[in-house]
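Q: Structure incoming, see below.
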Amino acid sequence: MTDDVLIEKRDGLGLITLNRPKAINALNHAMVHPITAALWAWAEDEDVTAVVITGSGERGLCAGGDIVSIYYDAQKGGADSSDFWRDEYVLNALIARFPKPYVAVMDGIVMGGGVGISAHGSHRIVTERSKIGMPEVGIGFVPDVGGTYLLAQAPGELGTHVALTTARMSAADAIATGFADHFVPTSDLPALLAALASGPVSEVVAKFAQEPPLSELVGQQDWIDECYSADTVEQIVARLRAHSSPEANKAAEAILSKSPIAVKVALLSLRRARDASSIEEVLNDEYRVSLACLKSRDLVEGIRAQVIDKDRNPAWSPATLEAVTDDQVAAYFADLGELELGLAAPDSSVEGQQ
């Protein structure tokens, strides 16, 4: 057990509280095990009618995985990170298939691994403080934790834009893209959480949910769909640069600042996820990609530039989109043999019961 996550059963609810407020509740391996064990137990526990996950402090539910640990581990071969991701992705699949209501309070910052433990739930709540995203390509990594599954299901090419630019989504954007369901003001969260034990989760949440603000992302969907429907990242960037919208031009520059190989792998990951039959299939794909990233130079360099030295000046390799070959991209999806994650979709499941 670890103090980094608090597990409690009270008033018919299974309560999970991420408890690393100084790190914005960044997820580490020691936190994954008790969460997974609790969910398996609560799935069969008749005294537990629903699960609620929240984060300590006021900054956010979860800033993502502990990338500093990954930085040092990658330089030693990456064994610990490989094990962490394996267990984390199993947890993501468990959440997506959980047979009882799973209420995720996505208040404040919710990035990367934070998305994986919240946005696959049945009742996903955002607030006026929510900032949600998949920032992986900015550190030479690729969206994971089932993120490509969610991004691929977003309307049109909105998910592609979010993935390649690392754009932050507001509460309204998250609802519009399918990352969240309900908007509840932060001031109402204590009353909502207190009321969850009093009746059916969907009815309780509906009493507190309000109409979200307009989504700025949806307001830009015309040029996003037009530009991001291209087959390659180079074509996407060319369309963005040629477009009359200043926002499109900014998006092009954002993509060009990211790891060239990461954005190319991310685009293919999204296209593959769009054709996948289950989240398990996508997570298997993401695991292959994640292990390949561990062996890449860009992951270590990206974390160094953004988090360790904070010079914000990564030296990517290859340095340009044009220098990244199709064979290099394809290698990220190579079969892992006995190291495969090996998740399989169940024949049937009852997900997120009301």
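The values are calculated or read from the model by the stated rules, or taken from the named source; none is laboratory data. Everything quoted here is computed from the prediction, not taken from an experiment. Cβ placement follows ideal geometry from the backbone for every residue including glycine, while neighbour counts extend to all protein chains displayed.
Q: Which of the strands (runs of 3 or more DSSP E) contained wholly in region 79-137 include at least 1 residues that are over 25 Å from Lys22 (Cα atoms) and either at pLDDT 95 or above or in contact with a Cys (Cβ under 9 Å, 6 or more places away or on another chain) (or both)?
A: Per the criteria, 102-106, 123-126.
Q: Need the failing condition index for Asp231 against (1) assigned to a helix (DSSP H, G or I); (2) within 30 Å of Thr325 (Cα to Cα); (3) among the acidic types (Asp, Glu), just the number.
A: (1)
Q: Continuing with this model, one more query. Suppose we filter Ala191, Ala197, Ala262 for residues that are surrounded by 21 or more Cβ atoms within 10 Å (Cβ to Cβ) and touching a residue at least 12 places away in the same chain (Cβ under 8 Å); which single one remains? Can you show your working first?
A: Numbers: Ala191 fails: surrounded by 21 or more Cβ atoms within 10 Å (Cβ to Cβ); Ala197 fails: surrounded by 21 or more Cβ atoms within 10 Å (Cβ to Cβ).
Exactly one of Ala191, Ala197, Ala262 is surrounded by 21 or more Cβ atoms within 10 Å (Cβ to Cβ) and touching a residue at least 12 places away in the same chain (Cβ under 8 Å), namely Ala262.
Q: How many of the residues making up region 7-60 are over 16 Å from Leu193 (Cα atoms), out of contact with any Gly (no Cβ under 7 Å at 6 or more places or on another chain) and not hydroxyl-bearing (Ser, Thr, Tyr)?
A: Final tally of qualifying residues: 20.
Q: If you don't mind, there's one more thing I want to ask. How many of the residues in region 311-347 are part of a loop (DSSP other than H, G, I, E, B) and either of a type in the set (Val, Ile, Thr) or farther than 20 Å from Glu253 by Cα (or both)?
A: Final tally of qualifying residues: 16.
Q: Continuing with the same structure: Scanning for something of a type in the set (Ser, Thr, Tyr) and without any contact (Cβ under 8 Å) to a residue 24 or more places away in the chain, does region 286-295 turn up at least one residue?
A: No: zero hits.
Quick grid of which residues meet (1) in contact with an Asp or Glu (Cβ under 6 Å, 6 or more places away or on another chain); (2) β-branched (Val, Ile, Thr); (3) on the phi > 0 side of the Ramachandran plot:
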{"site": "Ile132", "(1), (2), (3)": "no, yes, no"}
{"site": "Ala152", "(1), (2), (3)": "no, no, no"}
{"site": "Thr160", "(1), (2), (3)": "no, yes, no"}
{"site": "Thr166", "(1), (2), (3)": "no, yes, yes"}
{"site": "Met169", "(1), (2), (3)": "no, no, no"}
{"site": "Ala176", "(1), (2), (3)": "no, no, no"}
{"site": "Asp188", "(1), (2), (3)": "no, no, no"}
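Q: Applying the selection to region 265-296, what residues are among the small types (Gly, Ala, Ser) and under 17 Å from the mean Cα position of the chain (by Cα)?
A: Ala266, Ser269, Ala273, Ser278, Ser290
Q: Identify all residues within region 221-256 that are polar (S, T, N, Q) and touching a residue at least 40 places away in the same chain (Cβ under 8 Å); write none if there are none.
A: Answer for region 221-256, where residues must be polar (S, T, N, Q) and touching a residue at least 40 places away in the same chain (Cβ under 8 Å): Gln221, Ser229.
Q: From the list Ala163, Ala152, Ala180, Ala174, exactly one residue is touching a residue at least 40 places away in the same chain (Cβ under 8 Å), touching a Lys or Arg at 6+ places or on another chain (Cβ under 6 Å), crowded, with 22+ Cβ neighbours inside 10 Å and among the aliphatic types (A, V, I, L, M). Which is it?
A: Ala180
Q: Provide a single number: the residues in region 29-66 that are at pLDDT 95 or above, outside any helix (DSSP H, G or I) and either in contact with an Asp or Glu (Cβ under 6 Å, 6 or more places away or on another chain) or within 20 Å of His120 (Cβ to Cβ) (or both).
A: Of the residues in region 29-66, 13 are at pLDDT 95 or above, outside any helix (DSSP H, G or I) and either in contact with an Asp or Glu (Cβ under 6 Å, 6 or more places away or on another chain) or within 20 Å of His120 (Cβ to Cβ) (or both).
Q: Pick from Ala323, Ala273: which is surrounded by 23 or more Cβ atoms within 10 Å (Cβ to Cβ) and at negative phi?
A: Ala273
Q: Next question, about the same structure. Any residue that is more than 30 Å from Asp47 (Cα to Cα), crowded, with 24+ Cβ neighbours inside 10 Å, under 12 Å from the mean Cα position of the chain (by Cα) and not β-branched (Val, Ile, Thr) - is there at least one of those in region 81-88?
A: no
Each row is one residue, and each column tells you yes or no for (1) hydrophobic (A, V, I, L, M, F, W, C); (2) within 21 Å of the chain's Cα centre (by Cα); (3) at positive phi.
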| site | (1), (2), (3) |
| --- | --- |
| Ile224 | yes, yes, no |
| Arg239 | no, no, no |
| His243 | no, no, no |
| Ala252 | yes, no, no |
| Ala262 | yes, yes, no |
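Q: Right, another one. Within region 318-341, can you find the residues that are within 24 Å of the chain's Cα centre (by Cα) and either over 20 Å from Thr148 (Cβ atoms) or hydrophobic (A, V, I, L, M, F, W, C) (or both)?
A: Residues satisfying the conditions are Val329, Ala330, Ala331, Phe333, Ala334, Leu336, Leu339, Leu341.
Q: Sticking with this structure for a sec: Return the only residue of Ala206, Ala230 being more than 22 Å from Leu256 (Cβ to Cβ) and either surrounded by 14 or more Cβ atoms within 10 Å (Cβ to Cβ) or of a type outside the set (Phe, Trp, Tyr) (or both).
A: The conditions single out Ala206.
Q: Tell me, which residue of region 45-60 that is within 12 Å of Thr17 (Cα to Cα) and out of contact with any Pro (no Cβ under 6 Å at 6 or more places or on another chain) is surrounded by the fewest Cβ atoms within 10 Å (Cβ to Cβ)?
A: Result: Thr54.
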